[in-house]
Amino acid sequence: MFLAVFALLIAAMPTLLASNAHAASTTKAKTWNVMVGAESSSGAVQTMAYGPKKIWINAGDTVHWVSNSMEPHTVSFINDKHPAVEFDLATTYMTAPTSKGSISKPGQFRSSGIMTPAPDALFPDAVKSYDLKFKKPGKYKYLCYVHGEAMKAVVVVRKAGTPYPHTQSDYNAMATKASNADIEHGLDLWANALGAADSHHVFAGAADMRVQVNRFIPGNVVVKVGESVTFDMARNAFPVPHTITFGPPPANPFAPTGDPTNFQGGALSSGVILPAGFGPPPSTFTVKFTKAGTYPYVCLVHAGMGMVGQVVVQ
């Protein structure tokens, strides 16, 4: 009898080992990747979305966010003391990372600080990635301080050992499909703005609650001596900041400099302008060109993404 029972145990051993291995694999903590933003190949279209926007994980798991576009973003789990009001570089909690690498319940404040693929002059302390471990079940909502309500997502945390509804490959596919659709939407915004512009009326970008087009539309125009060009924020339905800056960057990039009523070259800048309804007037900047020449200009905020233009005066 003993030998028979022993033989049965030996025969069942592979199944028991496999079962135990499967149980261990479902309870072992995992790290999940989420993309922060996306962009077109030229960098002109910048999406305002996390990829994916919703992910299901288990308690003990970690989410690893990676900057996926030149546009700055944050990953911020906010609370009443750290609200998502209008973005301001001087508001430290919006731009600086929190020190704790884990979160235990919704309502605890955690933030990545500014995320970009690489630090730049505007954000020298920006980080490329951000990790956060989720200790307990709950629905953890987060957003981007830079883009507010336009860029939100959620991490749903279940009990450890709960079967996962999706794999990382599934989430990657979801993110790619959504970002491709957003980029196509941005290209449509760009084309529509171009159809409404002309040599004397240039749109400074185009944006809605899904994407930003960080380009002057059109980028190159030709006018005659004595004519004016109006740079207009009207195609932005979201408070995207831009500048129209000719010549060397001013000491204060956010303040206007020079005389736009009689421009013959040199330093001239609109300072930061915003769409109507999102900031103090003006939401347009008109420059009268009184000397023939070729005048390149940039948006100081988005020049690194290729937001540059040129006015040829004949």
| In the range 274-307, what count of residues is obtained for those that are part of a strand (DSSP E or B) and more than 18 Å from G247 (Cα to Cα)? | 1
| task | Assess whether N252 counts as being open to solvent by less than 40 Å² (accessible area, probe 1.4 Å) and either at pLDDT below 95 or within 22 Å of the chain's Cα centre (by Cα) (or both). | result | no
| task | Give the residues of the range 133-146 that are open to solvent by less than 20 Å² (accessible area, probe 1.4 Å), within 25 Å of E86 (Cα to Cα) and either at pLDDT below 95 or assigned to a strand (DSSP E or B) (or both), sorted by residue number. | result | Y140, Y142, L143, C144
| query | Is one or more of the residues making up the range 95-102 in a helix (DSSP H, G or I), within 22 Å of H302 (Cα to Cα) and either without any contact (Cβ under 8 Å) to a residue 40 or more places away in the chain or open to solvent by less than 70 Å² (accessible area, probe 1.4 Å) (or both)? | reply | yes
| request: From (1) open to solvent by less than 20 Å² (accessible area, probe 1.4 Å); (2) in a helix (DSSP H, G or I), pick out the condition that doesn't hold for A181. | output: (1)
| query | Of all residues in the range 115-150 being out of contact with any Lys or Arg (no Cβ under 9 Å at 6 or more places or on another chain) and among the hydrophobic types (A, V, I, L, M, F, W, C), which is farthest from E71 (Cα to Cα)? | reply | F134
| said: I'd like to verify a number: residues in the range 78-94 that are open to solvent by 50 Å² or more (accessible area, probe 1.4 Å) and in a helix (DSSP H, G or I), how many? | reply: 2
| field | Filter result for T261 (without any contact (Cβ under 8 Å) to a residue 40 or more places away in the chain, loosely packed, with under 15 Cβ neighbours inside 10 Å and either of a type in the set (A, V, I, L, M, F, W, C) or outside any strand (DSSP E or B) (or both)) | value | yes
| request: Considering only residues that are on the phi < 0 side of the Ramachandran plot, at pLDDT 95 or above and more than 17 Å from the chain's Cα centre (by Cα), look in the range 103-130 and name the one that is most open to solvent (accessible area, probe 1.4 Å). | output: K105
| In the range 193-207, is there at least one residue being at positive phi and not aromatic (F, W, Y)? | yes
| query | Restricted to the range 33-43, and to residues that are of a type in the set (G, A, S) and buried (at least 23 other Cβ atoms within 10 Å of the Cβ), which residue is farthest from the chain's Cα centre (by Cα)? | reply | A38
| message | I'd like the residue in the range 208-229 that is more than 18 Å from L300 (Cα to Cα) and outside any loop (DSSP other than H, G, I, E, B) and, out of all such residues, is most open to solvent (accessible area, probe 1.4 Å). | response | V222
| said: Filter the range 111-132 down to the residues that are within 25 Å of A207 (Cβ to Cβ) and outside any loop (DSSP other than H, G, I, E, B) and list them by number. | reply: S111, M115, V127, Y130
| task | Specify which of the listed residues (A204, A150, A175, A160) is part of a helix (DSSP H, G or I), in contact (Cβ under 8 Å) with a residue 24 or more places away in the chain and of a type outside the set (S, T, N, Q). | result | A175
| If you check every pair at least six apart or on different chains, which have Cβ atoms under 8 Å apart with a residue in the range 288-310 that is polar (S, T, N, Q) first and a residue that is in a loop (DSSP other than H, G, I, E, B) and at pLDDT 95 or above second? | T290/V225; T290/G226; T290/N262; T290/Q264; Q310/G219
| note | When every residue in the range 273-292 that is modelled with pLDDT of 95 or more and more than 15 Å from A237 (Cα to Cα) is compared, the one most open to solvent (accessible area, probe 1.4 Å) is K291
| So which pairs qualify, if the first residue must be in the range 29-47 and more than 22 Å from V298 (Cβ to Cβ), the second must be open to solvent by less than 10 Å² (accessible area, probe 1.4 Å) and of a type in the set (D, E, K, R), the Cβ gap must be under 6 Å, and the two must be at least 6 apart or on different chains? | A29/D61; K30/D61
| message | Can you go through V213, V223 and tell me which one is closer than 20 Å to F278 by Cα and touching a residue at least 40 places away in the same chain (Cβ under 8 Å)? | response | V213
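The values are calculated or read from the model by the stated rules, or taken from the named source; none is laboratory data. Bear in mind the structure is a predicted one, so any value in this text is a computation, not a measurement. Heads up, the Cβs are rebuilt from the backbone with ideal geometry, glycines too, and the neighbour counts pull from every protein chain shown. These area figures cover heavy atoms from the full protein model, side chains too; ligands, DNA and RNA do not enter into them. Shrake-Rupley method; radii C 1.70, N 1.55, O 1.52, S 1.80 Å.
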